[in-house]
């Protein structure tokens, strides 16, 4: 069980930006819903910015950022950033030789696949720049731990979400990326004025209390209670997008 506090309005004063994961946090069974769009409208009416922070590929996030009324989007667990004006993306993680980097990641994946033949490259991997992904389905907790150790020995970091596993550069994570984006694109918003939201292990750095004062886990994060390097301060009663809407409705009622 997570040792998190229930979410109440008094914990949400002076919020100016929500930095949120997508899959399992803004979705229901993997899809966007009308309640999400209504929640985004409520956020905007309160003058609160919404920043997407996802492990999904740069190609996939480019489209989502274009169609949703959000302030921007961080893709690939902190690798790249898309701003709201659709003018392209900026690297958060510097990659000097992209083709060589991709080739090295491919070799590492094939080595893993020889040991764990059940793993398959994710469908959006061809649209990635900074990391390499394969589906998490079929892997046990022990195997995930073994893969993480192997990636560290190769000089990479490793994380996973409800849908994908990620081999990525060291120190590339969501928490560091959020702080970078805040400093460069939202200098008028202090880290103390944001709330971070997530649901799985690749969101753990968003719950780091040395980085962020307020963090929220939607209820389905309980599935990963023993696998989180950092735990959210607050927990919603409801899972997935219903939990996110719970947060938004509390923000709506604040003074």
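Please arrange 180, 3 by how many other C-beta atoms lie within 10 Å of their C-beta, fewest to most.
Details: 180 16, 3 9.
Going from sparsest to densest Cβ surroundings: 3, 180.
Compute the distance from the alpha-carbon center of the range 115-169 to that of the range 54-76, in whole Å.
21
When the helices in the chain are scored as -39500 (n - 2.57) per DSSP H run of 4 or longer and the sum is shared across all residues, what 222 nm value do you end up with, to the nearest 500 deg cm²/dmol?
That comes out to -10000 deg cm²/dmol.
Sort 165-175, 205-215, 142-152 by the packing proxy (mean of other Cβ within 10 Å over each peptide's residues), most packed first.
Output ranking for 165-175, 205-215, 142-152: 165-175, 205-215, 142-152.
So for the chain, averaging the separation of alpha carbon pairs under 8 Å that are six or more residues apart and normalising by length, what relative contact order in percent results?
25
Among the DSSP beta bridges whose two residues both lie in the chain, what percent are antiparallel, rounded to the nearest 5?
Among the beta bridges of the chain, antiparallel pairing accounts for roughly 50 percent.
Give me the number: length gained by fully extending residue 209 to residue 63, i.e. 0.36 nm times residue separation minus the C-alpha to C-alpha distance, one decimal in nm.
Separation in residues times 0.36 nm, less the Cα-Cα distance, equals 49.4 nm.
May I ask what percent, to the nearest 5, of DSSP beta bridges between residues of the range 155-248 are antiparallel?
Beta bridges within the range 155-248, antiparallel portion: roughly 45 percent.
As a footprinting exposure proxy, order 81, 185, 224 by other Cβ within 10 Å, with the fewest listed first.
Details: 81 25, 185 17, 224 22.
Ranked by crowding around the Cβ, least crowded first: 185, 224, 81.
Return the FRET efficiency for the residue pair residue 83, residue 41: r is the Cβ-Cβ distance, R0 is 30 Å, and the value is rounded to the nearest 0.05.
The computed FRET efficiency comes out at 0.90.
Going by how many other beta carbons lie within 10 Å of each one, how would you line up 132, 60, fewest first?
By the 10 Å Cβ count, ascending, the order reads 60, 132.
Which entry in [x] 0.93; [y] 1.06; [z] 0.97 is this structure's computed Cα Rg over 2.2 N^0.38 Å?
[z]
Bear in mind that the values in this text are calculations on the coordinates, not laboratory data. Computed from a predicted model, the values in this text were never measured in an experiment. Cβ coordinates were reconstructed from backbone atoms using ideal geometry, including for glycine residues, and neighbour counts include every protein chain displayed.
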